[in-house]
Amino acid sequence: NAGVTQTPKFQVLKTGQSMTLQCAQDMNHNSMYWYRQDPGMGLRLIYYSASEGTTDKGEVPNGYNVSRLNKREFSLRLESAAPSQTSVYFCASRPPGAGADTQYFGPGTRLTVL
Amino acid sequence: AQSVSQHNHHVILSEAASLELGCNYSYGGTVNLFWYVQYPGQHLQLLLKYFSGDPLVKGIKGFEAEFIKSKFSFNLRKPSVQWSDTAEYFCAVRSRYSSASKIIFGSGTRLSIRP
């Protein structure tokens, strides 16, 4: 199993450009998450998806949209990038079942918005 | 609202020194507690977790953490650190009966080990 994969690993955008961060997992997990990691602020949840076709807002959803078209993939879209969205973005997935609270994280996407 | 506090932002130790990283949370109900580690250039990995039972939890690589309910704390410890423990450490908490989305992470503690 590849686990949780993310593309791209690095991206530089100009203010106002749009892009989609891709995330996929091959562990048959139902729940998937998008976090951003900023210095001194830890991880903050942007959006999550409890199952295929459902998504919900997390702590910091403004400026982002997500799409969960199938069980494997959960994409994060920036429609009009802003410098405040410069961050490292982590995707994670969680196995189903009671007590299965372990989240598996992807390697991250480092995004810079100029 | 739930929150997690990691008061040590940067800890510098020599090899073989003992480690204790503080983590306090604010939530009065039943919680699940986690410590994650992020080595330089890598993604987060779970070190250990507490759900119930023995409040002293053993994790990977010689780490352990103790849940002290009366102090709302879940401090991470290691008796003797190695240079390879250089990383950033994140404490996280989830209310036992909330959805999995409600995992709250602390701001992280950067650990630097001097060889």
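Read the figures in this text as sums done on the coordinates, not as results from a lab. Only a predicted model underlies this, so the values are computations on that prediction, with no experimental measurement involved. In this analysis, Cβ positions are derived from the backbone assuming ideal geometry, glycine residues included, and neighbour counts consider all displayed protein chains.
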Report the semi-axes of the equivalent ellipsoid for segment B:11-52 in whole Å, largest first, where each axis is √(5λ) for an eigenvalue λ of the Cα gyration tensor. 24, 15, 10
Spacing of the two label points (7 Å from each Cα toward its C-beta) at A:Gln22 and A:Glu79, in nm: 2.3 nm
With Cβ to Cβ distances under 13 Å as the rule, what net charge do the other residues near B:Glu15 carry (K, R +1; D, E -1)? +1
Given 0.36 nm per residue, what is the gain on full extension from B:Glu64 to B:Arg114 after removing their alpha carbon distance, in nm? 15.9 nm
Amide H contacts of A:Gly42 (H built 1.01 Å from N, under 5 Å, at least 5 apart or other chain): none
May I ask you to list the trypsin sites (Lys or Arg not before Pro) in segment A:1-88 that are in a DSSP loop and have at most 13 other Cβ atoms within 10 Å of their Cβ? A:Lys9, A:Lys14
extent check for chain A: Cα max minus min per principal axis, descending, whole Å, gives 42, 30, 26
Once phi for every residue in segment A:74-91 is put through the Karplus expression 6.51 cos²θ - 1.76 cosθ + 1.60 (θ = phi - 60°), the whole-Hz ³J(HN,Hα) values, with Gly and Pro written as x, are 9, 9, 10, 10, 9, 6, 9, 5, 10, x, 5, 8, 4, 5, 9, 10, 10, 9
Would you mind calculating the relative contact order of segment A:1-82 from Cα pairs under 8 angstrom and at least 6 residues apart, reporting the percent as a whole number? 32 percent
Scattering from the C-alpha atoms of the protein assembly as shown alone, worked out with Debye: what is log10 I(q)/I(0) at q = 0.11, 0.12, 0.18 1/Å? -0.55, -0.66, -1.36
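Could you state the orientation-averaged shadow area of the convex hull built on the Cα atoms of segment B:1-93, in nm² to one decimal?
Working: hull surface 24.4 nm².
Taking the Cα atoms of segment B:1-93, their convex hull projects to 6.1 nm² on average.
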How long are the semi-axes of the equivalent ellipsoid of segment A:63-114, defined as square roots of 5 times the Cα gyration tensor eigenvalues? Whole Å, largest first. 26, 14, 8
To the nearest 0.05, what FRET efficiency results for A:Arg110 and B:Ser84 with a Förster distance of 30 Å applied to their C-beta separation? 0.80
State to the nearest 20 debye the size of the charge dipole of the protein assembly as shown about its Cα centre, where the only charges are +1 on K and R beta carbons and -1 on D and E beta carbons. 120 debye
Would you mind ranking B:His7, A:His29 so that the residue whose beta carbon has the fewest other beta carbons within 10 Å leads the list? B:His7, A:His29
